[in-house]
Amino acid sequence: MTGVLDEVLIAAAGVLAGIVGTAGGITSLVSYPALLAVGVPAFAANVVNNVALVACWPGSALASRPELEGSRPWLRRWTWVAAAGGVAGAALLLSTPSQAFGRIVPFLVAAGSLALLAQPWISARFEGRVRGSVPVLFTGLLAVSAYNGYFGAGSGVMILSLLLVTVDDHMARANALKNMLVGASSVLSALAFIIFVPVDWRAVIPLSIGLLAGSTIGPRVARRLPAGVLRWLAALLGLGLAVKLWVAPA
């Protein structure tokens, strides 16, 4: 980062990322490349991204009140699973050398993008078998939340897919629950990063402001925008980023 212009670009990317992520897409596929573009190194950008993503939680909760009505008991039961997974993922990241992380990133981004494209097929194939399955929900949520704490690109989409086949097949309601679970995962993993590694607050603050603003819009978009449009746009962006990072690692 070199100055105010970079901070403005990060904030603008945060708005777009907040909209995309809380509407059912992949937040990090917008925010993470924006951080790389202004010169933040890969490991530091991932830390910034994880810390700033906490800002999506209150914004999406405010915008999703109609969809979240009556879900408080369910959320009390499952947010702790998401939070535990987030801590585990953060611990894994903190114990992974930054050079190794740079080699892993392209594959994580590609996996998140492919999961986004596969979500309708997954829902259609497995919905009848796992609806209401506590073991499937517990295992899947814990694993994906750990991935969210480690890197996160595509984790929201993976959780959304999981909820659609195990909890609620209504897109807007499942998306609202997803936003709350991702928020719970992000809070504790962000706290771990703040305690144990240096955080580039010049990047975190503008990104957080943008994400907060965007996350108040995303759930409203999810009520109106065809899911397929957002899914393909985010997935193609993610696959393009994965190829770029594989050819020229950050």
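The values are calculated or read from the model by the stated rules, or taken from the named source; none is laboratory data. Given the structure is predicted, the values throughout are model-derived calculations rather than measurements. Heads up, the Cβs are rebuilt from the backbone with ideal geometry, glycines too, and the neighbour counts pull from every protein chain shown.
Among what's in region 60-82 and is among the aliphatic types (A, V, I, L, M) and either touching a Phe, Trp or Tyr at 6+ places or on another chain (Cβ under 6 Å) or surrounded by fewer than 21 Cβ atoms within 10 Å (Cβ to Cβ) (or both), pick the residue that is farthest from Asp200 (Cα to Cα). Give the derivation first.
Initial filter on region 60-82 (among the aliphatic types (A, V, I, L, M)): 61-63, 68, 75, 81-82.
Pick out the ones that are also either touching a Phe, Trp or Tyr at 6+ places or on another chain (Cβ under 6 Å) or surrounded by fewer than 21 Cβ atoms within 10 Å (Cβ to Cβ) (or both) and you get 61-62, 68, 75, 81.
Details: Ala61: 26, Leu62: 28, Leu68: 34, Leu75: 32, Val81: 28 Å.
In this case the residue turns out to be Leu68.
So for region 183-206 (the condition being over 30 Å from Arg125 (Cβ atoms), in a loop (DSSP other than H, G, I, E, B) and β-branched (Val, Ile, Thr)), does at least one residue qualify? Show your work before the answer.
Let us first name the residues in region 183-206 that are over 30 Å from Arg125 (Cβ atoms), namely 187-206.
With in a loop (DSSP other than H, G, I, E, B) added as a condition, the list becomes 197-200.
Still in the running and β-branched (Val, Ile, Thr): 197, 199.
Scanning region 183-206, I find at least one residue that is over 30 Å from Arg125 (Cβ atoms), in a loop (DSSP other than H, G, I, E, B) and β-branched (Val, Ile, Thr), so the answer is yes.
Restricting to region 57-77, count the residues that are of a type outside the set (S, T, N, Q) and closer than 27 Å to Val15 by Cα.
Step one: list which residues in region 57-77 are of a type outside the set (S, T, N, Q), which gives 57-59, 61-63, 65-70, 72-77.
So of that shortlist, the ones also closer than 27 Å to Val15 by Cα come out as 57-59, 61-63, 65-69, 75.
Qualifying residue count, region 57-77: 12.
Just name the residue that is surrounded by the most Cβ atoms within 10 Å (Cβ to Cβ) out of those in region 46-59 that are at pLDDT 90 or above and of a type in the set (Gly, Ala, Ser).
Per the criteria, the residue is Ala52.
I need a count of the residues in region 24-63 that are part of a loop (DSSP other than H, G, I, E, B) and touching a Gly at 6+ places or on another chain (Cβ under 9 Å).
Within region 24-63, residues that are part of a loop (DSSP other than H, G, I, E, B) and touching a Gly at 6+ places or on another chain (Cβ under 9 Å) number 5.
Looking only at region 188-206, count how many residues are within 14 Å of Ala52 (Cβ to Cβ), surrounded by 20 or more Cβ atoms within 10 Å (Cβ to Cβ) and aliphatic (A, V, I, L, M).
Residues that pass the stated criteria total 3.
Could you grab the pairs with beta carbons closer than 9 Å, sequence gap of 6+ or different chains, first residue in region 5-31 and modelled with pLDDT of 85 or more, second one of a type in the set (Phe, Trp, Tyr) and buried (at least 19 other Cβ atoms within 10 Å of the Cβ)?
Going by the 9 Å Cβ cut-off, the qualifying pairs are Ala17/Tyr32.
Specify which of the listed residues (Ala176, Ala172) is modelled with pLDDT of 85 or more, of a type outside the set (D, E, K, R) and part of a helix (DSSP H, G or I). Give the derivation first.
Working: Ala172 fails: modelled with pLDDT of 85 or more.
Matching residue, one of Ala176, Ala172: Ala176.
Of all residues in region 77-91 being in contact (Cβ under 8 Å) with a residue 12 or more places away in the chain and not hydrophobic (A, V, I, L, M, F, W, C), which is farthest from Ser189 (Cα to Cα)?
So the first thing to find is which residues in region 77-91 are in contact (Cβ under 8 Å) with a residue 12 or more places away in the chain, and the list is 78-91.
Retained after the next criterion (residues that are not hydrophobic (A, V, I, L, M, F, W, C)): 79, 85-86, 89.
Values: Thr79: 13, Gly85: 9, Gly86: 5, Gly89: 7 Å.
Going through the qualifying residues, I end up with Thr79.
If we scan region 75-98, do we find a residue that is at pLDDT below 80 and assigned to a helix (DSSP H, G or I)? Walk me through it before giving the result.
Pass one, region 75-98, residues at pLDDT below 80: 96-98.
Narrowing the set further to residues that are assigned to a helix (DSSP H, G or I) leaves 98.
The answer is yes; a qualifying residue exists.
Is it true that Val15 is surrounded by 14 or more Cβ atoms within 10 Å (Cβ to Cβ) and either more than 16 Å from Ser185 (Cβ to Cβ) or among the aromatic types (Phe, Trp, Tyr) (or both)?
Numbers: surrounded by 14 or more Cβ atoms within 10 Å (Cβ to Cβ): yes; either more than 16 Å from Ser185 (Cβ to Cβ) or among the aromatic types (Phe, Trp, Tyr) (or both): yes.
For Val15, the condition - surrounded by 14 or more Cβ atoms within 10 Å (Cβ to Cβ) and either more than 16 Å from Ser185 (Cβ to Cβ) or among the aromatic types (Phe, Trp, Tyr) (or both) - is met.
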